[in-house]
Amino acid sequence: MSVLVTGGAGYIGSHTVLALLERGDDVVVLDNLCNASEESLRRVAALAGKAPVFVQGDIRDRQCLKKLFADHQVSEVIHFAALKAVGESTRMPLEYYENNVAGTVILLEEMREAGVWNFIFSSSATVYGENAPVPYVETTPIGGTTSPYGTSKLMIEQVMQDFARADERFNAIALRYFNPVGAHHSGEIGEDPAGIPNNLLPYIAQVAIGKLEKLGVFGDDYTTPDGTCQRDYIHVVDLAEGHLKALDNLQKGQGCRAFNLGAGKGYSVLEMIKAFEKACGKAIPFEIKPRRNGDLPAFWADPSLAEKELGWTVSRGIDEMMRDTWHWQSKNPNGYR
Ligand code: NAD
Ligand code: WQD
């Protein structure tokens, strides 16, 4: 039996595929390569000493899914495939709803058709919206999202809940990621954003390597200890391991559940800059810019439910996040290109 990983050539997907192969699972990756390159999977195969099956295709393509499920015995699906740029989603809401929401519905329909009932979904802390108390806890009702991207994640969680209520064969877990950063310790796979990065760590890393001149810090007048926003950064390999724990837990078959995957601690933008400077041994030039639209001042996870139910906690701290990001960036100044 194989695990189907949609979006498995992407940043979090590639690290998860590696962790699955390393523990001996057979993996089929479905990715349309709209935001990834097959090179990530070649490197995963070299690291694991075993390759995943790769199908280049789209989650919205029913014929492709039918063939994939007919060709391979799939027991579980980990569903990473999505468009993920928050700002872009406000400009292209229909594309985001079509790719993320409609795509997931098609995937679930074809899973049902093929008799595949186990499903893990990449959700996001963004589903807690702008008014949830911090730390975010799974018992807080989700809603109040501030972008079509965030709303697409919220809608998919709703679809999963409704499907699980209607069909007791469906076992699903939504994993709500906080801020994934870092790379595999080998420096062989990592985050490879197209164009100018939107996210903090890839931006800092490209300043350090000399591709970008200086970082803009979006606001220093928030009501946080140093005035800059605080986030819960989580090492991508810890995150990948969370998926393995969730897969094991799915076997208990308990409908649809959601877990936070975060460290439970917030770091400010200035703290992140300092920590990266320590890892790379260079100064990171920055200037204070106006606040970025839609940014929340501070949030982090209460990760205790994942610890209790999945037996998962983070084991890598900020030093490893920075060290591994720098290792990946300096070894691959142009990413996979
Ligand atoms: P990514 O863009 O690196 O990976 C997504 C992959 O999905 C890419 O390889 C892309 O080519 C593929 N894809 C997109 N649409 C597809 C489609 N219709 N059919 C087939 N393949 C498709 O992003 P990532 O950072 O690895 O994120 C993975 C998942 O985690 C996404 O669902 C994202 O929304 C979610 N997530 C990411 C973060 C983050 O900060 N990186 C935080 C929370 C949640
Ligand atoms: C982190 C902090 C910025 C860039 C986003 C999505 C979220 C999730 C993860 C998918 C913030 C500051 C950033 C820069 C800066 N993705 N910053 N200068 O916004 O917390 O979360 O990615 O689900 O949904 O919204 O992450 O890395 O963009 O920003 O000062 O050039 O760094 O203001 O405080 P964010 P981020």
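Among strands (runs of 3 or more DSSP E) entirely within region 203-320, having at least 3 residues that are touching a helix residue (DSSP H, G or I) at 6+ places or on another chain (Cβ under 9 Å) and within 20 Å of PRO180 (Cβ to Cβ) singles out 233-235, 256-261.
For the condition out of contact with any His (no Cβ under 9 Å at 6 or more places or on another chain), of a type in the set (Lys, Arg), away from ligand 1 (no atom under 12 Å from the Cβ) and under 19 Å from ILE120 (Cα atoms), what is the one hit in ARG60, ARG23? Before the answer, list the steps.
Details: ARG60 fails: away from ligand 1 (no atom under 12 Å from the Cβ).
Exactly one residue qualifies, and that residue is ARG23.
Filtering THR126, THR139, THR90 for residues that are outside any helix (DSSP H, G or I), among the β-branched types (Val, Ile, Thr) and either out of contact with any strand residue (DSSP E or B) (no Cβ under 6 Å at 6 or more places or on another chain) or open to solvent by less than 40 Å² (accessible area, probe 1.4 Å) (or both) leaves a single hit, THR139. Across region 187-233, which residue is nearest to ligand 2 (Cβ to nearest atom) among those that are closer than 21 Å to LEU47 by Cβ and open to solvent by less than 10 Å² (accessible area, probe 1.4 Å)? Among residues in region 187-233 that are closer than 21 Å to LEU47 by Cβ and open to solvent by less than 10 Å² (accessible area, probe 1.4 Å), the one nearest to ligand 2 (Cβ to nearest atom) is ALA205. Within the set LEU107, LEU68, the sole residue that is near ligand 1 (Cβ under 10 Å from one of its atoms) and not in a strand (DSSP E or B) turns out to be LEU107. Among residues of region 141-162 that are modelled with pLDDT under 95, those with a Cβ under 6 angstrom from a residue that is open to solvent by less than 20 Å² (accessible area, probe 1.4 Å), sequence gap 6+ or separate chain, pair up as GLY144/GLY129. When region 11-26 is filtered for residues that are in contact with a Ser or Thr (Cβ under 6 Å, 6 or more places away or on another chain) and buried (at least 20 other Cβ atoms within 10 Å of the Cβ), only SER14 remains. Looking across region 277-296, the residues that are open to solvent by less than 50 Å² (accessible area, probe 1.4 Å), closer than 23 Å to GLY87 by Cβ and not β-branched (Val, Ile, Thr) come down to ASP295, LEU296. Among the residues of region 27-52, the ones that are part of a strand (DSSP E or B) and open to solvent by 60 Å² or more (accessible area, probe 1.4 Å) come to 0 in all.
The values are calculated or read from the model by the stated rules, or taken from the named source; none is laboratory data. A quick note: this is a predicted structure, and the numbers were derived from the prediction, not measured. With ideal geometry, Cβ positions are generated from the backbone for all residues, glycine too; neighbour counts draw on all protein chains shown. The protein model used for the area step is the full one, side chains on, heavy atoms only, and it has no ligands, DNA or RNA in it. Shrake-Rupley method; radii C 1.70, N 1.55, O 1.52, S 1.80 Å.
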